[in-house]
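Q: Provided herewith is a single structure, encoded as structure tokens, for subsequent inquiry.
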Amino acid sequence: MKTTRRTLLGGIGAGIGAGVVSLGLPGLVRAQNASAHVVVVGGGFGGATAARYLRRYSPDLKITLIEPSETFVTCPFSNLYLGGLRSWDSITHSYAAHRGAGIEVIHASAEQIDGAARKVTLSDGTALEYDRLVLSPGIDIRWGALEGYDEPAAELAPHAWKAGPQTQLLKSQLEAMADGGTFVMSITDGAFRCPPGPYERASMVAHYLKTNKPKSKILLLDSKETFSKQGLFKQGWEALYGDMIEWISADNDGKVAKVDASALSVETAFGVTHKADVLNVVPPQKAGWIADRAGVTNETGWVPVKGNTFESVQVPGIYVVGDATIAAPMPKSGFCANAQGKVAAAAIIADLAGAEPAPASFVNTCYSLVGPEWGISVAGVYYFDGEKLAEREGSGGVSPIEADAAFRQAEAVYGAGWYASISADTWGTV
Amino acid sequence: MANPPRIWLSSETPAAGEIVRVRAQVVHIMESGLRLDAAGNAIPRDTLERFSATLGDDVILDWFPETAISQNPYIEFTFKARESGVLKMIWSDQNGVLAEAERAITLS
């Protein structure tokens, strides 16, 4: 397909949210980078978006996407799968649109990244040379950081914090649980993927249990003292689930210090043991392991980046996006990864043309479903202020606490619309 | 004080040479002094200024928390049990001693 400036802009306009940066790209960029090769490692929200937007910005660029899985299952809406509101297929996406856009998709894992030689080595032994690399490695679990929680333990007490077999395991455990059982979730502190995620999960598990096993209980043991959208969640829990969900904060001895997966029990910091029938551990996390091998992580286990381009501050030519990055005040969300993927793609195109990156701006919305017809949200607009990422003053906010049922229902519909839009934007799927 | 400090010890009767783990938490607002109220006035600083742990006459830990410490500070530390004695912990803020706690450590 011959891409004209008109279709290019149309395509960008059809995207959602971020990528504001893209509009000023000069047409001559395409001619100058025609021979360049950009490799994208990771086909989640950040990487899959970056690959498609690189193509939109530059029809002639050589783009290779490396992703081990043939399909991608999203963490967003995986809680709805646990709640019985979504099928597995509906949260699974393919790379057909990428291939259709002339992006080479290789299903292998990147094993080594040599930033000095600009070379990626894949699990099948192939070595790829790149001019610019986009790295979207997601998260990995810090095994053992929470005493007793290692990989074998996760087969008994799933984390389900990377959508896939762990999510299906947790669902099968909930289905096997007897009515009157207790679902216990341990929630980490510090930086973790999807700040409202544990509380949406509690909501969706509550919906499943109320519908199928109404005598059951949910116990949330939190290493934090407050959480995202706390007032809205607690209001919704009380209205929809009565006293089914109990939340214990860190100052009430909610911090779990030790997991005994074979006994399905946890011990708090001050020595109280809680027994579960289904035990879900949201554990300490870090950037996906390939980020360590690429040399882009720092002592925190996460990746420092330049806020205007998302290029690594440690290794030139590697642009890191998504949950792996240190991008506060932006949360670790799929929408942020999508926005960062667009900014990185635009920055790469500019850099290949020897131009300065355009001003970076980002949008994030996190919808959470408290019940099938009860949605809540938090939104923010972020920008690079010349030194760091910052939240645009007066932007965003959370759903009003005093809204009526129609408002909550509308937000549930908007959330589903958000998911359809971002799936179309990221994978070209619905 | 509204709530006594929370204390947990891995053992109060350790063997000689055993590493004893201590976890302790006290309720404190930890107001940094850097925030403004709705009217734009600075909210006065009110932070925990010192936490000390001693066993008999020996200092195990002396900590001077500053403004970056979160509310209800939680601390975890270890020491090697060499002799029996009283583990004493003292939390202080700008008004002096906020809380004290003691646990007898007896070598088994």
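Q: Once amide H atoms are built 1.01 Å from N in the peptide plane, which residues 5 or more positions from A:Lys62, or in another chain, come under 5 Å H to H?
A: A:Ala36, A:Val38
Q: Here's another thing I want to ask about it. Determine the equivalent ellipsoid of the protein assembly as shown by diagonalising the alpha-carbon gyration tensor, then write out the semi-axes as square roots of 5 times the eigenvalues, largest first, rounded to whole Å.
A: Working from the Cα gyration tensor, I get semi-axes of 43, 27, 24 Å.
Q: Specify the angular offset, from 0 to 90 degrees and rounded to the nearest 10, of the alpha carbon long axis of helix A:405-427 from the longest principal axis of the alpha carbons in chain A.
A: Here the helix axis deviates by roughly 40 degrees.
Q: Between A:Asp114 and A:Lys275, what is 0.36 nm times their sequence separation minus the Cα-Cα distance? Round to one decimal in nm. All intermediate terms of the calculation are to be shown ahead of the outcome.
A: Numbers: separation 161, 0.36 × 161 = 57.96 nm, distance 4.67 nm.
Computed gain between A:Asp114 and A:Lys275 is 53.3 nm.
Q: Next up: Classify region A:227-309 as rounded, prolate or oblate from the Cα gyration tensor: take a ≥ b ≥ c as the square roots of its eigenvalues, call it rounded if a/c is under 1.5, otherwise prolate when a/b beats b/c and oblate if not. Let's see the in-between values first.
A: Details: a/c = 2.69, a/b = 1.54, b/c = 1.74.
Oblate shape, in that a/c is at least 1.5 and b/c is the bigger or equal ratio.
Q: Once phi is turned into ³J(HN,Hα) by the Karplus curve 6.51 cos²θ - 1.76 cosθ + 1.60 with θ = phi - 60°, what whole-Hz value does each residue of region A:196-213 show in order, with x for glycine and proline?
A: With the stated coefficients, region A:196-213 comes to x, x, x, 7, 5, 4, 4, 5, 6, 5, 4, 4, 4, 5, 4, 6, 10, 9 Hz.
Q: Determine by what factor the alpha-carbon radius of gyration of region A:348-430 differs from 2.2 N^0.38 Å, reporting the quotient. Provide the component values of the computation, followed by the final result.
A: Working: Rg = 16.9 Å, N = 83, 2.2 N^0.38 = 11.8 Å.
Ratio of Cα Rg to 2.2 N^0.38 Å: 1.43.
Q: Report the calculated FRET efficiency for B:Val97 and A:Ile401 (r = Cβ-Cβ distance, R0 = 56 Å), to the nearest 0.05. Before the final figure, lay out each step's value.
A: Working: r = 40 Å, r/R0 = 0.71.
Efficiency at R0 = 56 Å is approximately 0.90.
Q: Right, here's the next one. State, to one decimal in nm², a quarter of the convex hull surface area for the C-alpha atoms of region A:34-175, i.e. the direction-averaged projected area. Working shown, then result.
A: Details: hull surface 40.7 nm².
If I average the Cα hull's projected area over directions, I get 10.2 nm².
Q: Does region A:232-386 come out rounded, prolate or oblate, given a ≥ b ≥ c as the square roots of the eigenvalues of its C-alpha gyration tensor, rounded meaning a/c under 1.5 and, failing that, prolate meaning a/b above b/c? Each step should come with its number before you reach the end.
A: On the way: a/c = 3.24, a/b = 1.72, b/c = 1.88.
It comes out oblate by the Cα gyration axes.
Q: Dipole of region A:249-374, Cα-centred, from +1 at each Lys and Arg C-beta and -1 at each Asp and Glu C-beta, to the nearest 20 debye?
A: Working: 8 positive and 12 negative charges, 31 e Å.
Here region A:249-374 has a charge dipole of around 140 debye.
Q: Shifting gears a bit: With both partners inside the protein assembly as shown, how many of the DSSP beta bridges are antiparallel, as a percent to the nearest 5? The partial results should precede the final answer.
A: Working: 70 of 103 bridges.
The antiparallel fraction comes to roughly 70 percent.
Q: Can you find, among B:Pro65, A:Gln230, A:Gly396, the residue sitting farthest towards the positive end of the charge dipole of the protein assembly as shown, where Lys and Arg contribute +1 and Asp and Glu -1 at Cβ?
A: Among B:Pro65, A:Gln230, A:Gly396, the one farthest towards the positive end of the dipole of the protein assembly as shown is A:Gly396.
Q: Would you please give the FRET efficiency between A:Glu238 and A:Asn298, computed as 1/(1 + (r/R0)^6) with r the Cβ-Cβ distance and R0 = 45 Å, to the nearest 0.05?
A: Values: r = 42 Å, r/R0 = 0.93.
Computed FRET efficiency for A:Glu238 and A:Asn298 comes out at 0.60.
Q: Name the shape class, rounded, prolate or oblate, that the alpha-carbon gyration tensor gives for chain B, where a ≥ b ≥ c are the square roots of its eigenvalues, rounded holds for a/c under 1.5, and otherwise prolate holds if a/b is larger than b/c and oblate otherwise. Write down the numbers at each step before the final one.
A: On the way: a/c = 2.95, a/b = 2.91, b/c = 1.01.
Prolate is the answer for chain B, as a/c is 1.5 or above and a/b outweighs b/c.
Q: Using the alpha-carbon atoms, what tilt in degrees (0 to 90, nearest 10) does helix A:45-57 show relative to the longest principal axis of chain A?
A: 20
Q: Could you give the nm distance between label points at A:Val313 and A:Asp385, where each point is 7 Å from its Cα heading toward the beta carbon?
A: That separation, rounded to one decimal, is 1.6 nm.
Q: Pick out, from A:Gln168, A:Trp247, A:Gly144, the residue whose Cα sits farthest towards the positive end of the charge dipole of region A:144-285, with +1 on the Cβ of Lys and Arg and -1 on the Cβ of Asp and Glu.
A: A:Gln168
Q: At what distance in nm do the modelled label points of A:Glu155 and A:Asp124 sit from each other, each positioned 7 Å from its Cα along Cα→Cβ?
A: So the two model labels end up 2.9 nm from each other.
Q: Also, I was wondering about something else. Cα to Cα, under 18 Å, and not fewer than 8 places away if on the same chain: which aspartates and glutamates meet these conditions relative to A:Lys62?
A: A:Glu104, A:Glu129, A:Asp131, A:Asp351
Q: Something else about it: Just want to confirm a number: the relative contact order over region A:71-145, from Cα pairs under 8 angstrom separated by 6+ residues, in percent.
A: Taking the mean separation of contacting Cα pairs over the length of region A:71-145, I get 16 percent.
Q: Got a sec? Charge dipole of chain A, +1 on Cβ for Lys and Arg, -1 for Asp and Glu; which of A:Gly115, A:Ile349, A:Ser262 is way out at the positive end?
A: A:Ile349
Q: For region A:144-285, what does the convex hull of the Cα positions come to per residue, in cubic angstrom?
A: Values: hull volume 14.1 nm³, N = 142.
Measuring per residue, one finds 99 Å³ for the Cα hull of region A:144-285.
Q: Given an 8 Å cut-off on Cα distances and at least 6 residues of separation, report the relative contact order of region A:144-285 as a percent. If you can, show how the numbers build up before the last one.
A: Working: 255 pairs, mean separation 51.6, N = 142.
That works out to 36 percent.
Laboratory data are not the source of any read-out in this text; all were calculated from the coordinates shown. Not measured: the values here are computed from a predicted model. As a convention, Cβ positions derive from the backbone with ideal geometry for all residues, glycine included, and neighbour counts pool all protein chains shown.
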